[in-house]
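Below is one structure; the comments refer to it alone.
A short reminder: the numbers here are calculations on the coordinates, not readings from a lab. On a predicted model such as this, the values are computed, not experimentally measured, just so you know. Because the Cβ atoms are built from the backbone with ideal geometry, glycine has one as well, and the counts that use them run over all protein chains shown.
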Ligand SMILES: O=C(O)[C@H](O)COP(=O)(O)O
């Protein structure tokens, strides 16, 4: 590619935050104050190393401690600011915020989460359909703001699962078939010339060592 020539795709990388002390035990939602565990901080440093091979042009993060903390080594590496983006925030889990997963799994409502997430709203909180709409709106706006760019978005498990399954064309009802682990990378490529086109899914939940080939896809 010649110097100054714009890439034909806008690359959006969705990175989940690193591990926290309660990963897999608690549904933290938007409760404030949750930071990364030591292992999570190591994961954040490693993901920055992985991303270093790409020409990253912007770094966005959900405005929560665990996502901003995860984004920091990447933003520092590229000398870019972390732009806090509320569209990438974790779901509002309402009354379930901060609950132990083991307790939630005993509730009859938990079965509804598994069977019909497309119809589920967290008590006094957000629905998965709302998460789907705001992720779609946010990614579409970022894609339009950064044509040809390589944009890294640090977000959360469910918003990324939903955005990826949406990009794959799967119905919301099936989004839980996508797994998104701590500090995993998923990548969507959008055509610059055809803004009406759906993204191509280049990578899902990746823990590969090198991302160098993404631009060649
Ligand atoms: O933010 C998320 O991805 C989920 O809320 C889970 O967070 P946790 O890994 O801290 O449990």
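Take each peptide in 76-86, 119-129, 15-25, 105-115, count the other Cβ atoms within 10 Å of every residue, and average; sorted highest first, the result is 15-25, 119-129, 76-86, 105-115. Note on the chain: semi-axes of the ellipsoid equivalent to its C-alpha gyration tensor, largest first and rounded to whole Å, are 29, 20, 14.
List the relative contact order of the stretch 146-205 as a percent without decimals, with contacts defined as Cα pairs under 8 Å and 6+ residues apart. Could the numbers behind the result be given before it?
Working: 63 pairs, mean separation 18.4, N = 60.
Rounded, it is 31 percent for the stretch 146-205.
At q = 0.25, 0.26, 0.31 Å⁻¹, what is the base-10 log of I(q)/I(0) for the stretch 68-110 according to the Debye formula with one equal point scatterer per Cα and no solvent? Please give it to two decimals. Taken in order of the listed q values, log10 I(q)/I(0) reads -0.88, -0.91, -1.09. Calculated translational diffusion coefficient of the stretch 8-85 (20 °C, 1.002 mPa s; Stokes-Einstein with Kirkwood radius over alpha-carbon pairs) equals 165 µm²/s.
So, R0 is 22 Å and r is the distance between the beta-carbons of residue 99 and residue 119; what FRET efficiency does that work out to, to 0.05? Write down the numbers at each step before the final one.
Numbers: r = 20 Å, r/R0 = 0.93.
With a Förster radius of 22 Å, E is 0.60.
Would you kindly state how much longer the chain becomes between residue 130 and residue 111 on full extension, computed as 0.36 nm times their sequence separation minus their alpha carbon distance, in nm to one decimal?
On the way: separation 19, 0.36 × 19 = 6.84 nm, distance 1.96 nm.
The span from residue 130 to residue 111 would gain 4.9 nm if fully extended.
Just checking the listed ones, 167, 157, 99: in the Gaussian network model of the chain with Cα springs under 10 Å, the one fluctuating most is 99. For the chain, the share of DSSP beta bridges that are antiparallel, to the nearest 5, is 50%. Rounded, prolate or oblate for the stretch 106-184? Axes are the square roots of the Cα gyration tensor eigenvalues, ordered a ≥ b ≥ c, and the cut-off for rounded is a/c under 1.5. Prolate shape, in that a/c is at least 1.5 and a/b is the bigger ratio.
Peptides 143-150, 196-203, ordered by how many other C-beta atoms sit within 10 Å of their residues on average, highest first, read 143-150, 196-203. When the chain is treated as a Gaussian network with alpha carbon springs shorter than 10 Å, the biggest mean-square fluctuation among 47, 26, 185 belongs to 26.
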